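Visitor: Here it is: the structure, laid out below.
The values are calculated or read from the model by the stated rules, or taken from the named source; none is laboratory data. Model, not experiment: these values are computed from the prediction. Note that each Cβ is placed from the backbone with ideal geometry, even for glycine, and that neighbours are counted across all protein chains shown. For accessibility, only protein heavy atoms count, side chains too; no ligands or nucleic acids. Shrake-Rupley method; radii C 1.70, N 1.55, O 1.52, S 1.80 Å.
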Amino acid sequence: MLFILLSIAGIMLIGYFIYWYISPIQRWKRRLDLKQHEIHFYALYAKVDGFSLSQEARQKSDAFEYTYGEIYFMSFIALLSLVKPGPCTRFYDLGSGTGKAVLSAAMVFKLEHCCGIERFFTLHEAAVQQKRLFEKHPNYINKIDIIQFIHDDFLKIDFSDATLVFINATAFMGSLWDNLSQKTASLAPGAIVITTSKPLISPCFAVQKTTYVEMSWGVVIAYIQQRLPVAKIKNTDMFSV
Ligand SMILES: C[S@@+](CC[C@H](N)C(=O)[O-])C[C@H]1O[C@@H](n2cnc3c(N)ncnc32)[C@H](O)[C@@H]1O
């Protein structure tokens, strides 16, 4: 009897070891210290309601492309991990809302620059406020200089220095999507653009990978696209490359 109990305990111990130390997902979480970052992230945003802020802001001017939605921390970090951001990465979130994508990327990865552009002032202000709180946290004090939030229309801002761009694009369509797709042609060859729900409409990019990512409104497809060198672009007549 004792032998059987010891055997079961041994098997459970080995299973536990495999789960925590060998499973690739657990290894990834430990390598990036994601449990700690996730706790800090949700504590940081506990009192911020981007949906209400957006609804309030849209009373004056509304359009389908202003529909609000947000990333979920773990799913978004899993998505970014696929492109391995590093110390030379200049990250932009186009339509940054309350800054969740920017601050979660800055928390987890060592980046050169991390910038969000948002057209609604109340959402932008919330992002700036969260940045102030974030920078006070002892774990993130060395990230102070890399984070920037810009209050403007992303079509008016030069983001050609970006090496990694995130566009939560499910609600972006029509001329906005055409113009934004065209604007991404200003990125240098090799730059990565991640879009949700649809790829860019541009011959300057090639889809490298698709995956699924969970957002506040459900699971969506994400397209990881890379800016091609000029020599590899077909049909350039409609785009300035
Ligand atoms: C789906 S939300 C994404 C928020 C954030 N990126 C995230 O994933 O958590 C899209 C955001 O884009 C903003 N937006 C829409 N058109 C914009 C424009 N032309 N310039 C800047 N921001 C814009 C909206 O106000 C909204 O906050």
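Visitor: For the condition under 17 Å from T195 (Cα atoms) and of a type in the set (D, E, K, R), what is the one hit in E65, E56?
Guide: Going through E65, E56 in turn, just one is under 17 Å from T195 (Cα atoms) and of a type in the set (D, E, K, R): E65.
Visitor: Kindly provide the set of residues from segment 141-159 that are modelled with pLDDT of 95 or more and more than 10 Å from the ligand (Cβ to nearest atom), ordered by number.
Guide: Scanning segment 141-159 gives I146, I147, Q148, F149, D158, F159.
Visitor: For residues that are out of contact with any Leu (no Cβ under 9 Å at 6 or more places or on another chain) and hydroxyl-bearing (S, T, Y), scanning just segment 53-70, find the one that is nearest to the ligand (Cβ to nearest atom).
Guide: So the residue we want is Y66.
Visitor: So is I77 near the ligand (Cβ under 10 Å from one of its atoms) and either touching an Asp or Glu at 6+ places or on another chain (Cβ under 6 Å) or touching a residue at least 24 places away in the same chain (Cβ under 8 Å) (or both) or not?
Guide: no
Visitor: Of everything in segment 30-50, what is outside any loop (DSSP other than H, G, I, E, B), free of Cβ contacts under 8 Å to residues at least 40 places away in the same chain and over 17 Å from the mean Cα position of the chain (by Cα)? Give them in sequence order.
Guide: R30, R31, K35, I39, A43
Visitor: Grab the strands (runs of 3 or more DSSP E) fully contained in segment 155-239, keeping just those with 3 or more residues being open to solvent by 50 Å² or more (accessible area, probe 1.4 Å) and not charged (D, E, K, R). Talk me through it step by step, then tell me what you get.
Guide: Values: elements: 164-167, 192-196, 205-215, 218-227.
Of the strands (runs of 3 or more DSSP E) lying wholly inside segment 155-239, those with at least 3 residues that are open to solvent by 50 Å² or more (accessible area, probe 1.4 Å) and not charged (D, E, K, R) span 205-215.
Visitor: Of the residues that sit in segment 127-140 and are within 16 Å of the ligand (Cβ to nearest atom) and out of contact with any Asp or Glu (no Cβ under 9 Å at 6 or more places or on another chain), which one is most open to solvent (accessible area, probe 1.4 Å)?
Guide: Here is the first cut: in segment 127-140, the residues within 16 Å of the ligand (Cβ to nearest atom) are 127-131, 134.
In the following step, the residues that additionally are out of contact with any Asp or Glu (no Cβ under 9 Å at 6 or more places or on another chain) were identified as 128-131, 134.
Numbers: V128: 29, Q129: 82, Q130: 9, K131: 46, F134: 3 Å².
Result: Q129.
Visitor: Next up: Of the numbered conditions (1) in a loop (DSSP other than H, G, I, E, B); (2) surrounded by 10 or more Cβ atoms within 10 Å (Cβ to Cβ); (3) out of contact with any helix residue (DSSP H, G or I) (no Cβ under 9 Å at 6 or more places or on another chain), I18 satisfies every one except a single condition; which is it?
Guide: Only one criterion in (1) in a loop (DSSP other than H, G, I, E, B); (2) surrounded by 10 or more Cβ atoms within 10 Å (Cβ to Cβ); (3) out of contact with any helix residue (DSSP H, G or I) (no Cβ under 9 Å at 6 or more places or on another chain) is unmet by I18, namely (1).
Visitor: Pick from K110, K131: which is assigned to a helix (DSSP H, G or I) and closer than 18 Å to F41 by Cα?
Guide: K131
Visitor: Continuing with the same structure: K100 is checked against (1) within 16 Å of L53 (Cβ to Cβ); (2) open to solvent by 50 Å² or more (accessible area, probe 1.4 Å) and fails just one. What number does that condition carry?
Guide: Going through the list (1) within 16 Å of L53 (Cβ to Cβ); (2) open to solvent by 50 Å² or more (accessible area, probe 1.4 Å), K100 breaks only (2).
Conditions tested, residue by residue: (1) modelled with pLDDT of 95 or more; (2) closer than 15 Å to I150 by Cα; (3) of a type in the set (A, V, I, L, M); (4) in a strand (DSSP E or B).
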{"position": "S61", "(1), (2), (3), (4)": "no, no, no, no"}
{"position": "A78", "(1), (2), (3), (4)": "yes, no, yes, no"}
{"position": "G86", "(1), (2), (3), (4)": "yes, no, no, no"}
{"position": "G97", "(1), (2), (3), (4)": "yes, yes, no, no"}
{"position": "A101", "(1), (2), (3), (4)": "yes, yes, yes, no"}
{"position": "C115", "(1), (2), (3), (4)": "yes, yes, no, yes"}
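Visitor: I want to confirm something. Restricting to segment 80-97 and keeping residues that are polar (S, T, N, Q) and more than 13 Å from the ligand (Cβ to nearest atom), which single residue is surrounded by the most Cβ atoms within 10 Å (Cβ to Cβ)? I'd like the intermediate steps shown before the answer.
Guide: So the first thing to find is which residues in segment 80-97 are polar (S, T, N, Q), and the list is 81, 89, 96.
Those still in the list that are more than 13 Å from the ligand (Cβ to nearest atom) too: 81, 89.
Working: S81: 15, T89: 20.
Among those residues, the one meeting the criterion is T89.
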